[in-house]
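Data first, discussion second: the structure below is written as structure tokens.
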Amino acid sequence: MPVGGFSTNRPGLPRPAGAHALAAPTAWRSGGVPARVAQHADRCVLVVGPCGADDGEVRNLARRPVPTSVAWRWPGAYAVVEDATDGLVVHTDPAGALPVYAVAWEGAWAWSTSARFLAALAVSRIDVERLACTVLAPSLPVLAEGRSFFDGVEQLPPGCRVALPPDGSPYAASATWRPDPADGPPHLRLRNALTSAVRLRTTADPALAGDLSGGLDSTTLSVVASSLLDRPLDAVTVHPEGVTDGADLSYARLAAAASHGRIAHRPLPLTAAHRPYTGLRGVPVTDEPAPSTLTHARLLGQFRWMRRTLGTRTHLTGDGGDSVLFQPPAHLADLVRHGHYRRATGEAIGWARLRRTPVAPLLRDAAAMARTTRGQALARLVSNPGERRNAGGVRWFPTLPVPPWATPDALRLLVRAAERAAARPDALPGLDASVRVLVDEIREVARTAAADAELAASEGIDLHNPFLDARVVDAILRTPLHARPPLHTYKLPLTRAFADVLPAEIRARTTKGAFEADHYGGMRAALPELLDSAGLRLAALGLLDLTRFRTDVRRASAGVPMPLATIEQALTVDAWLQAIDRTPPPAWDAPAPGKAV
């Protein structure tokens with residue numbers, strides 16, 4: 001359900017079939033995504049996505065210069081577009097939770113919140129190098145920064161003011177958001193930002209529902225949402241069929257009981273029809289491979305049940321909380337670089353005990369990383385982007401071994417992507433390493449979460465992830481070094497922020513229930529289908545050796561210990577390519593679009 005438009009106002013511009021024009025010149029909307037327009041004289045401003053600005057504040061955006069902080073001034077995940085006679089200016093949100101794309105088209109720029117719609121307009125092919133990065137280096141999003149999965153369709157950089165010229169000449173992007181340290185208690189900033197993010201959604205749809213996994217993130221959202229509603233919040237806990245006393249269910253029941261009737265707990269048993277890897281040939285088409293592709297049967301089954309049983313239209317999840325609240329091991333390098341040696345040693349010992357690893361490699365790697373810039377680390381990736389470095393875990397870029405089924409052509413594409421990444425200047429130079437690492441991680445999670453929202457939309461559900469709102473991200477990343485939680489603690493800012501409303505047992509929980517058995521069972525059950533069709537499209541593109549890949553799939557389904565990340569990425573991407581193949585591209589009214597191939 002995208003929104004889009006052009007950087008020029010010339011007559012005869014196309015629109016997607018079924019889309020309707022917005023009051024803004026050249027802008028269109030397909031579906032129900034929020035979009036508000038403000039006009040004054042010859043200026044027009046468009047606010048796209050859920051945004052907490054009131055109508056008067058939106059009108060003022062057209063009456064005076066748009067502030068540089070506009071994309072994180074209010075709660076929500078939104079972008080602001082200025083449409084003027086000298087082109088278009090897009091203010092992108094810092095987290096990239098509402099990704100905005102652009103493509104050069106017939107002497108102008110076309111922009112949209114959907115890369116697939118732009119690919120249909122520009123007759124763009126699939127970007128094979130982008131696929132190689134996703135499959136073979138899933139932990140290195142920096143390799144494909146700014147690229148969509150379609151040739152020529154670019155993601156506009158998050159947290160920037162991007163000027164798209166009317167003549168299609170290269171656009172100019174300047175970073176407007178920078179998470180420098182801020183004064184004040186970080187847990188109070190987090191509480192205010194997250195509460196505002198949830199309030200925006202409860203106000204828009206008082207009948208919304210939420211996940212209640214029993215973990216800290218989803219429980220916090222459920223407690224906050226329930227306090228803002230005048231009715232009990234429907235909160236869903238999925239669990240394996242027949243397992244009624246698991247840890248997740250127990251903690252979820254505890255949270256519901258502590259709400260004094262404000263949370264209506266809805267357990268949902270998972271059957272064999274919901275197993276991972278089920279029905280990969282029928283995954284709905286999305287802008288890019290969705291993180292929940294392999295588990296889409298469970299996800300969409302849950303949404304169908306919620307829509308049918310509860311009448312749910314809007315759903316909150318705690319997705320993104322792990323990334324936003326995670327303290328990366330790079331924090332040790334920051335402590336070393338700033339001369340806090342005693343604290344670095346103490347936190348390294350705590351982390352080593354928690355992970356049951358030796359402390360010496362952590363300290364050695366922290367010292368090495370403290371002497372290494374992000375640019376230098378990127379340059380080292382060029383020699384071998386798949387090599388595992390720094391076994392102690394403190395490094396700029398976590399990597400995985402290159403799988404044996406990767407082709408030489410795929411590896412060459414990976415090296416080429418690493419060379420491009422190393423040649424790009426850092427848009428946020430000078431940040432502490434842990435903050436810069438988190439920016440990359442959060443933006444990858446936020447962008448891909450938009451694809452999961454597309455899966456939800458296929459079942460009529462509007463999916464929201466409040467932890468990925470720009471103001472929430474900003475509240476956490478601006479924490480000064482001295483106030484950052486110790487590396488070995490678990491989501492301390494969140495437990496401090498909501499200590500008065502979360503049950504003590506929830507605050508003390510540091511683990512989640514596991515679905516590994518269900519995962520491997522699903523892979524074994526789906527093995528005939530996987531061996532019949534999985535990997536075919538990636539093999540046709542020259543990215544994997546099909547025989548070796550299927551050997552690894554067979555071994556993984558048998559439970560042989562091996563890295564699963566690249567196998568799962570390959571299966572996810574291949575399922576997405578199947579969806580692209582079988583789904584007609586978005587049609588435009590003129591000129592006739594081609595199919596992304």
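Observations on the model:
- For the residues Asp55, Asp334, a 1.4 Å probe over the protein chains yields an accessible-area ranking, largest first, of Asp55, Asp334.
- Shape of the stretch 18-111, Cα gyration tensor, a/c cut at 1.5: rounded
- Of the solvent-accessible surface of the chain, computed with a 1.4 Å probe and all protein chains present, 54% belongs to carbon and sulfur.
- Cut-off under 5 Å, modelled amide H: who pairs with Leu88 long-range: Leu164
- For Ala62, neighbours were defined as the other residues whose beta-carbon sits under 14 Å from its Cβ, and their charges (Lys and Arg +1, Asp and Glu -1) total 0.
- Gyration tensor (alpha-carbon) shape descriptor, the stretch 460-504, a/c threshold 1.5: oblate
- In the full protein context, the stretch 395-498 carries 35 Å² of accessible surface per residue, based on a 1.4 Å probe and ignoring ligands, DNA and RNA.
- Here the contact order of the chain, divided by its residue count and restricted to Cα pairs under 8 Å and six or more residues apart, works out to 20 percent.
- Under Karplus coefficients 6.51, -1.76 and 1.60, residue-wise ³J(HN,Hα) of the stretch 240-255 in Hz, glycine/proline x: x, 4, x, 9, 10, 10, x, 4, 4, 4, 4, 5, 5, 5, 4, 5
- When the residues Thr295, Thr372 are ordered by accessible surface, computed with a 1.4 Å probe over the protein chains alone, the sequence from largest down reads Thr295, Thr372.
- Computed accessible area, Arg73, all protein chains, 1.4 angstrom probe, square angstrom: 120
- Val142 accessible area, assembled protein chains, probe 1.4 Å, Å²: 10
- Computed [θ] at 222 nm, helices only, for the chain once each DSSP H run of length n ≥ 4 contributes -39500 (n - 2.57): -12500 deg cm²/dmol
- Per residue, the solvent-accessible area of the stretch 507-576 (1.4 Å probe, heavy atoms of protein chains only, all protein chains present) comes to 46 Å².
- Residues of the stretch 26-152: accessible area per residue with a 1.4 Å probe, Å²: 31
- Amide hydrogen neighbours beyond the local backbone of Leu233, cut-off 5 Å, H modeled: Ile263, Ala264
- Cβ-based net charge around Asp319, under 9 Å, with every Lys or Arg adding one and every Asp or Glu removing one: -4
- Gyration tensor verdict on the stretch 385-496 (Cα atoms; rounded if a/c is under 1.5, prolate if a/b is larger than b/c, oblate otherwise): oblate
- Karplus-derived 3J(HN,Hα), 6.51/-1.76/1.60, for each residue of the stretch 343-357, Hz, glycine and proline x: 5, 4, 5, x, 6, 5, 5, x, 5, 5, 5, 5, 8, 6, 10
- Estimated vicinal HN-Hα couplings, Hz - the stretch 3-17 in sequence order (Karplus 6.51, -1.76, 1.60; Gly, Pro = x): 10, x, x, 9, 8, 10, 9, 5, x, x, 6, x, 9, x, 4
- Surrounding net charge for Leu194, when Lys and Arg each add one and Asp and Glu each subtract one, Cβ distance under 9 Å: +1
- Amide proton proximity set for Leu156, modelled H, under 5 Å, gap of 5+: Val100, Tyr101, Ala102
- Relative contact order (percent, whole number), the stretch 121-196, Cα cutoff 8 Å, 6+ residue spacing: 19
The values are calculated or read from the model by the stated rules, or taken from the named source; none is laboratory data. Predicted, not measured: the structure shown is a model, and the values here were computed from it. Backbone-built Cβ (ideal geometry, glycine too); neighbour counts: all protein chains shown. The protein model used for the area step is the full one, side chains on, heavy atoms only, and it has no ligands, DNA or RNA in it. Shrake-Rupley method; radii C 1.70, N 1.55, O 1.52, S 1.80 Å.
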